[in-house]
Amino acid sequence: MKVLVLSALKAHTGNFSSAQRISDFFKQDGIESELVDSNGFSSGVDFNHHVVMTAADCVLAIHAYRSGRLLLECPVPYGIVFGGTDINEYPKNHEKLRTMTAVIMKARFLVSFNQAMRDQAVTLWPDIGSRLFTQPQGVVTSPSSHFDFHLHLQDACGIPDHSKIFLLVAGMRPVKDPLYLAHRFSEWHNENKSIYLVIMGPCLDSQFAEKVKVTVKRLPGVEMIEPLAQDDCHKAMQECTAVVNSSLSEGMSTAILEAMDLCVPVIARNIPGNRTLVEHRQTGLLYDTPQEFIFLAKDLLMNPEQRSVITAKAKHLVESRHSAEAERCVYTSLTKKMLP
């Protein structure tokens, strides 16, 4: 049996981490697996040719639109893992919704990460309930033993050692809204020169990324750096004061899960996808405005006990609900059932 794991494989993104993890699951269970970049095909016909040439038996596609658009005439069975944009953003576009609907109707199974995603999916496509499974993302972290994030920041952008780093890890695209906090954070930096907001992630929308870069250059205390290798990124999270999320919408944020697993506090925008992971002042902090973010960040700096409580509860949440082993069992079982 051979499975193609189809995803937008831009390095240093949650999609890449998830696709790699799932592909590894299949290999652990003796299933031949190949990671395939959905951006590498010009059309469904092009992808179908790859399916035939590689003698693949089935496809597991991550994202109903970005990967699913290649599956309209797929010659082998396939399953789909919903992304947050499939549920929250793409349905606003009539053409993308029509494409997703056509692909979803032919899928052997569908996976959502949480109940909120499931409920929204069933609202959009009422007939999918019997094929829709809910499986929280698993998380595996592997911080580098030799990477020094503070030294890296000194070299990359001149941030002094011993600074307090609030790290925003996100692919550069509008839905991640990385500039939401930037102006207010810069004002805070002017009051306290030891604090910095560092934005890190790959360019997924070149025009938008350029806008972010130009804006950041004008804001003291806010820096934008190139993405790091996964192990170095995990070490960077460990060495920062908090991991920040400013997204307009999320399915289930990989960066939040990784920070929780690494016992790093999370300060996340108060949106439905984030509330499935972050309970305010229990497993993290939730904010509605940039002003509230600054208030919570200052409180975190002044209250080490709060930090300890939050990170301990977050770690317990990850261990109890986001087991990679449980995720492995679900994906391998569902995939094996696609074939006779």
Identify all residues within region 186-204 that are buried (at least 18 other Cβ atoms within 10 Å of the Cβ) and under 23 Å from the mean Cα position of the chain (by Cα); write none if there are none. Tyr196, Leu197, Val198, Ile199, Met200, Gly201, Leu204
Mind listing just one residue for me: the one in region 102-132 that is hydrophobic (A, V, I, L, M, F, W, C) and under 19 Å from the mean Cα position of the chain (by Cα) and, of those, farthest from Gly68 (Cα to Cα)? Ala116
Consider only pairs whose beta carbons are under 6 Å apart and that are at least six residues apart or on different chains; among these, list those whose first residue lies in region 137-155 and is over 16 Å from Lys315 (Cα atoms) and whose second residue is among the hydrophobic types (A, V, I, L, M, F, W, C). Phe149/Ala236; Leu153/Ile159
When region 133-149 is examined, which residues are found to be hydrophobic (A, V, I, L, M, F, W, C) and either under 20 Å from the mean Cα position of the chain (by Cα) or not in a helix (DSSP H, G or I) (or both)? Phe133, Val139, Val140, Phe147
When the residues of region 227-263 are narrowed to those that are more than 19 Å from Lys164 (Cα to Cα) and among the acidic types (Asp, Glu), which ends up surrounded by the fewest Cβ atoms within 10 Å (Cβ to Cβ)? Asp231
Consider Pro290 against the criteria (1) in contact with a strand residue (DSSP E or B) (Cβ under 8 Å, 6 or more places away or on another chain); (2) under 28 Å from Asp161 (Cβ atoms): it satisfies all of them except one. Which criterion is unmet? (1)
With the condition kept exactly as written, say whether any residue in region 41-54 is closer than 17 Å to Gly273 by Cβ, buried (at least 17 other Cβ atoms within 10 Å of the Cβ) and in contact with a Phe, Trp or Tyr (Cβ under 8 Å, 6 or more places away or on another chain). no
For region 104-121, give me each residue that is crowded, with 22+ Cβ neighbours inside 10 Å, in a helix (DSSP H, G or I) and touching a residue at least 40 places away in the same chain (Cβ under 8 Å). Ile104, Met117
On the given criteria, is Thr99 part of a helix (DSSP H, G or I) and open to solvent by 60 Å² or more (accessible area, probe 1.4 Å)? no
For region 60-77, give me each residue that is open to solvent by less than 10 Å² (accessible area, probe 1.4 Å) and over 21 Å from the mean Cα position of the chain (by Cα). Leu70, Leu71
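Taking region 78-90 as the search range and keeping residues that are assigned to a helix (DSSP H, G or I) and open to solvent by 30 Å² or more (accessible area, probe 1.4 Å), which one is modelled with the lowest pLDDT?
Asn88
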With respect to Leu219, determine if the residue is open to solvent by 50 Å² or more (accessible area, probe 1.4 Å) and among the aliphatic types (A, V, I, L, M). no
Out of the residues in region 145-178 meeting the condition of being farther than 21 Å from Ile267 by Cβ and of a type in the set (S, T, N, Q), tell me which one is most open to solvent (accessible area, probe 1.4 Å). Ser145
Residue under question is Leu4, and the condition is that it be in a loop (DSSP other than H, G, I, E, B) and open to solvent by less than 50 Å² (accessible area, probe 1.4 Å); does it hold? no
Those residues that are in contact with a Leu (Cβ under 6 Å, 6 or more places away or on another chain) and within 15 Å of Phe208 (Cβ to Cβ), I need them from region 155-177; list them, please. Gly171, Met172, Arg173, Val175, Asp177
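Would it be correct to say that Asp24 is open to solvent by less than 10 Å² (accessible area, probe 1.4 Å) and either out of contact with any Gly (no Cβ under 7 Å at 6 or more places or on another chain) or outside any helix (DSSP H, G or I) (or both)?
Numbers: open to solvent by less than 10 Å² (accessible area, probe 1.4 Å): no; either out of contact with any Gly (no Cβ under 7 Å at 6 or more places or on another chain) or outside any helix (DSSP H, G or I) (or both): yes.
So Asp24 fails the test.
The values are calculated or read from the model by the stated rules, or taken from the named source; none is laboratory data. What you are looking at is a predicted structure, and each value in this text was computed from that prediction instead of being measured. Ideal geometry is used to build each Cβ from the backbone, glycine not excepted, and the neighbour counts take in all protein chains shown. Side chains are part of the model used for accessible areas, which takes the heavy atoms of the whole protein and leaves out ligands, DNA and RNA. Shrake-Rupley method; radii C 1.70, N 1.55, O 1.52, S 1.80 Å.
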